[in-house]
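Input: a single structure, listed below in C-alpha cells.
The values are calculated or read from the model by the stated rules, or taken from the named source; none is laboratory data. Given the structure is predicted, the values throughout are model-derived calculations rather than measurements. We place every Cβ from the backbone using ideal geometry, glycine too, and count neighbours over all the protein chains shown.
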Amino acid sequence: MGAAMAPSPDPPGAVARRPVAARVVARLGGPVVRTALVVVAVFWLLPVLGLLVASLRPEEAGARSGWWTVFTAPAQLTLANYAALLSDRVMLGSLWNTVLITVPSTVLVVVLGALAAYALAWIEFPGRDWVLLGVVALLVVPIQVALIPVAQLLGGIGLYGSIPGVVLFHVAFGLPFAVFLLRNSFAAIPRDLLEAARMDGGRELRIFWRLVLPISLPAVASLAIFQFLWVWNDLLVGLVFADESSAPITVALRSELRQFGSNVDVLASGAFLSMVVPLVVFFAFQRHFVQGVLAGSTR
Amino acid sequence: MTRAPDRGGRRTALLFLAPAAALMLVFLAYPAAYSVVRSLFDARGTEFVGLDNYATAFTDDRTLVALRNSVIWVLVAPTLVTTIGLVLAVLTERIRWAAAFRLVLFMPLAISLVASGIIFRLVYDEDPDSGLANAVAVSVRDAFTAPSPYAGARPRDGGGLVTTADGALVTAAPVGAHDVLALPITGFDPAALPRQASAATVAEPGPGLRGLVWLDVGSAADRTGLVDAGERGMPGVGVEVLAGGRVVATATTGDDGRFTVPDLARGTYTVRLPEENFAAPFRGLTWLGPALVTPVVISAWLWIMSGFAMTLIAAGLAAVPRDALEAARVDGATEWQVFRRVTVPLLSPVLLVVVVTLVINVLKVFDLVFVIAPGSVQEEANVLALQMWQVSFGPGGGDQGLGSALAVLLFLLVLPAMAFNIRRFRREQ
C-alpha cells in the first residue's frame, strides 16, 4: 500500500540532504559517475526525442531513413503531420472524448472521495473502522476482475459503450485510493481546530468545505493530478467500455497500430498529441504528481 | 472534548459516505464476488461447469504461455528495476543536478503506456533505417567487423566460379600454379563499386597464379565471361588458394581487380573468394520476433518504472541515520562494507515496499504488451492480464467463463498484497 508505507517521498525536485554514499561515489570517481549518469539520462530522453522528431518528418522520409538524420538534414522537418492530424476527425474526436472522460472522472473522484474521507476521519458512527478496512482491502482489486460483471451491469442500464459508463467505472476504481489518501490527510488535522469550529456551531458540510479542504489542499491536489493522469492515460477501460464514438485517444491510437510501419506519421504525431497534456501537467505540478504517484503506485 | 455520536452525526456520515460507498460496492465488491461465481459457468453463462474453466486455464496452450510469461515478468522485472533504482539513488546522492536527473527518469510515468509502447515500437523497429536499436547494433557491429564490400554479388553464369553452401565462390575446375584466371562477377550495382576501381584487363601470363576478379556487367556490349570496354575490376576482394582443402596462399585484388600468387609449387589448386566478400550486410536483430519480444517489452517497462523505484529509494536513503554509518566507518569498515552491511539493511523496509509495489504493477501489465508486440507475435508475448482481455473481449474471444477464471486467478495473486496492506494498516491505527 503506497501512502501508508512510503516514507515521505522526496520529490525529484529536492536534492537529497545527506551524502550517505559520498565516499562510494568518491571512490568510483566523480567524473566517471557523472558521465554514467549523463549516459543514463540520454538513454531516457532519446526514445521520446525519437518520437517527437518522427512526428515532425514527412511520411515518405519516415519510410526511407532514420529520424536521427535530422541532425545532418534539419530541413526535412515539417508540421504537415500535425496539420493532417488537426483535420483528422477520428483522432481529434477521440482526444475530445478523453477530455470528456477525464474531467468528470477527476472531479467526481475528488468530491465523492473527500466527502467519504471526511466522514471516516471526523464523524463517529458504528462500523466506521470496518468501512475503512474495506476501503483498504479494495485498494488492490485488479481492474480485470470488474470488466465482465460491470459490462453486463452497464449493458443492463443502457450505459455500455457510452462516456458516462466509462466515467462511472473510472470514478468507482479511483475511489478507494482517494478515500484512503484523503482520510489519512484529513485525520492529521489537529482535533482542537475541528472541535473549535464545531463549538462555533458550524455545520459539517461547512466545516468540510471551509476548513478541512483548504488545509488539506496539497493532498487534494496530489490526488486530483494523479487521478487526472491515470484516467487520461487509460487504455483498458476505454477499450472495453467505450464504443467507437466515445473512444478515448489511447484506443484510437491503438487501432492505428494495426498498420504500424505504413503510418508512423499518424501514430507519432497522434501519440505526441496525447502526451502534451500529461507532460504539461507533469512539469507544472511535478511535486504533487510525484507524491501522488508514490502514494498511489500500488493500484 | 468529543461530541457524542448523535443521530444527526450519523445521518451526516451516511450522507457523506453513501455515494462513494455505493459506487465501490457496485463496481468493485460485487464484481469481485460475481466473477468467482461466473468463473464456474461456461462461455455463455448458462451451464454450471464447476472448475472446468480453471482446468482449461492450466492446460490451454495459449493461457499456459501467458502464465509462463507472467512468471518471468514477476521474477525478472521488479528485481531489475529495484536494482537499477538502488544504484541510481546512491549515485545521484551527491550530484548537484540530481533533481533534474530524477525528473528526467520520472517523466515516463506521466505519459500513457500506449504512448510509451509506440515510442518503443519505433526504437525496436526491425529496419535499421528507422529503428534506433538496430541502427546502433549495426553501426557497433560494423565498427568491429568490416562489412562485406560486395554484399549480394554472385558469379556470372558460365564464368568458372560456383557458389558454395556457405556463400564463398570457388573455381569449378582445378587451377594450375601458373594459370591466368578471369573470374566474372555479377549481381552488384556498378555504380556502387569503390571509386578507385579501374578498368579491368586480363593479366599477362607470367610466373605465378594470376587472375582478375571483375564486375562483368555495366558495359554497352556486354559479353558473358569476357572483359568488355567499360567494365571495371573489383578492388579489395580477398582471394584464397586451396590445396586439398587447406589454404596455402592468400592475396587481395588491386584497384584493377587483379591478383597474383607467386611461388606456388606445381600441382592443382582451387581458388576461393571467401564469403566475407559477399555476405549480406548485418541488419540487426529481430527485436519484435518471438524470441526477443518479452525482454523487449520488459525493457520498456524498465524505462517507465526505474524513476519510480529510484525516487522511493532515494527518499529512504535520505532518512538513513548518519550516526549508524559514521559508527561503522569509525570501526574501520570500508565504504562497500558500510553500504552492504548498514545502508542496505536499513533500507530493506523501503526496498520491500518497492518490490511489492512493482510486483502488483507487473501482474497488471496489459497495455505495453498489447501495443509493443506486433499482432503476429502477441501470443508469444502474452501475459495473464492480456489473455484475460483476449478471451473475454478480444477478436475471436467471448468466453467470459474462462475470462472470469483468469480474472479470479489474477485477483488471487494480488491477495497477499491485500493482506499485507490490511495488516500494515491495522498496525498503524
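Taking the residues in the range A:132-142 that are more than 7 Å from chain B (Cβ to nearest Cβ) and of a type in the set (A, V, I, L, M) as candidates, determine which candidate is nearest to residue B:391 (Cα to Cα). Looking at the filtered set, the residue picked out is A:135. Within the range B:173-193, the residues that satisfy the criterion of being surrounded by 13 or more Cβ atoms within 10 Å (Cβ to Cβ) and either part of a loop (DSSP other than H, G, I, E, B) or not assigned by TED's automatic domain parsing to the domain that holds residue B:267 (or both) are B:177, B:178, B:179, B:187, B:188, B:193.
Can you tell me which residue among B:46, B:12, B:82, B:59 is touching a residue at least 60 places away in the same chain (Cβ under 8 Å) and either touching a helix residue (DSSP H, G or I) at 6+ places or on another chain (Cβ under 9 Å) or surrounded by fewer than 19 Cβ atoms within 10 Å (Cβ to Cβ) (or both)? Break it down into steps so the answer makes sense when it comes.
On the way: B:46 fails: touching a residue at least 60 places away in the same chain (Cβ under 8 Å); B:12 fails: touching a residue at least 60 places away in the same chain (Cβ under 8 Å); B:59 fails: touching a residue at least 60 places away in the same chain (Cβ under 8 Å).
Only one candidate passes the filter, namely B:82.
Of all residue pairs spaced 6 or more apart or on separate chains, those with beta-carbon atoms under 9 Å, a first member in the range B:410-429 that is in contact (Cβ under 8 Å) with a residue 60 or more places away in the chain and a second member that is small (Gly, Ala, Ser) and surrounded by 13 or more Cβ atoms within 10 Å (Cβ to Cβ) are B:411/B:32; B:411/B:35.
Take residue A:231 and tell me if it is at pLDDT 95 or above, of a type in the set (A, V, I, L, M) and within 24 Å of residue A:123 (Cα to Cα). So residue A:231 does not fit the description; no.
For (1) part of a helix (DSSP H, G or I); (2) touching a helix residue (DSSP H, G or I) at 6+ places or on another chain (Cβ under 6 Å), each residue gets a yes or a no:
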residue: B:361; (1), (2): yes, no
residue: B:371; (1), (2): yes, yes
residue: B:376; (1), (2): yes, no
residue: B:396; (1), (2): no, no
residue: B:402; (1), (2): yes, yes
residue: B:416; (1), (2): yes, no
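The conditions of being surrounded by fewer than 22 Cβ atoms within 10 Å (Cβ to Cβ), more than 7 Å from chain B (Cβ to nearest Cβ), touching a residue at least 40 places away in the same chain (Cβ under 8 Å) and not hydroxyl-bearing (Ser, Thr, Tyr) are met by residue A:151. Could you tell me whether residue A:189 is within 14 Å of residue A:118 (Cα to Cα) and outside any helix (DSSP H, G or I)? So residue A:189 passes the test.
One residue stands out in the range B:194-219 among those that are farther than 15 Å from residue B:259 by Cβ and out of contact with any helix residue (DSSP H, G or I) (no Cβ under 7 Å at 6 or more places or on another chain): the one that is surrounded by the fewest Cβ atoms within 10 Å (Cβ to Cβ), namely B:195. Of all residues in the range A:115-138, those that are within 20 Å of residue A:205 (Cα to Cα) have Cβ atoms under 7 Å from Cβ atoms of residues that are not in a helix (DSSP H, G or I), 6 or more apart or on another chain, in A:124/B:5; A:125/B:5. Cβ separations smaller than 9 Å between residues 6+ apart or across chains give the following pairs from the range B:94-112 residues that are closer than 26 Å to residue A:267 by Cα and assigned by TED's automatic domain parsing to the domain that holds residue B:309 to residues that are buried (at least 20 other Cβ atoms within 10 Å of the Cβ) and acidic (Asp, Glu): B:112/A:234; B:112/B:367. Taken over the range B:118-142, the criterion of being under 18 Å from residue A:45 (Cβ atoms) and either in a loop (DSSP other than H, G, I, E, B) or more than 8 Å from every other protein chain (Cβ to nearest Cβ) (or both) is satisfied by B:124, B:131, B:133, B:136. Taken together, the residues in the range B:85-107 that are more than 7 Å from chain A (Cβ to nearest Cβ) and closer than 25 Å to residue B:369 by Cβ amount to 1.
Okay, residues lined up against (1) exposed (fewer than 13 other Cβ atoms within 10 Å of the Cβ); (2) within 21 Å of residue B:33 (Cβ to Cβ):
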position: B:390; (1), (2): no, no
position: B:394; (1), (2): no, no
position: B:399; (1), (2): no, yes
position: B:407; (1), (2): no, yes
position: B:411; (1), (2): no, yes
position: B:419; (1), (2): yes, yes
position: B:423; (1), (2): yes, no
position: B:427; (1), (2): yes, no
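Looking across the range A:65-122, the residues that are among the hydroxyl-bearing types (Ser, Thr, Tyr) and surrounded by fewer than 22 Cβ atoms within 10 Å (Cβ to Cβ) come down to A:65, A:69, A:72, A:78, A:82, A:87. Of all residues in the range B:384-408, those that are farther than 21 Å from residue B:367 by Cβ and more than 10 Å from every other protein chain (Cβ to nearest Cβ) total 4.
Quick grid of which residues meet (1) surrounded by fewer than 20 Cβ atoms within 10 Å (Cβ to Cβ); (2) not in a loop (DSSP other than H, G, I, E, B):
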residue: B:221; (1), (2): yes, no
residue: B:225; (1), (2): yes, no
residue: B:242; (1), (2): yes, yes
residue: B:247; (1), (2): yes, yes
residue: B:250; (1), (2): yes, yes
residue: B:255; (1), (2): yes, no
residue: B:263; (1), (2): yes, no
residue: B:271; (1), (2): no, yes
residue: B:282; (1), (2): yes, no
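Per this entry, residue B:151 is counted among residues that are of a type in the set (A, V, I, L, M), surrounded by 14 or more Cβ atoms within 10 Å (Cβ to Cβ) and outside any helix (DSSP H, G or I).
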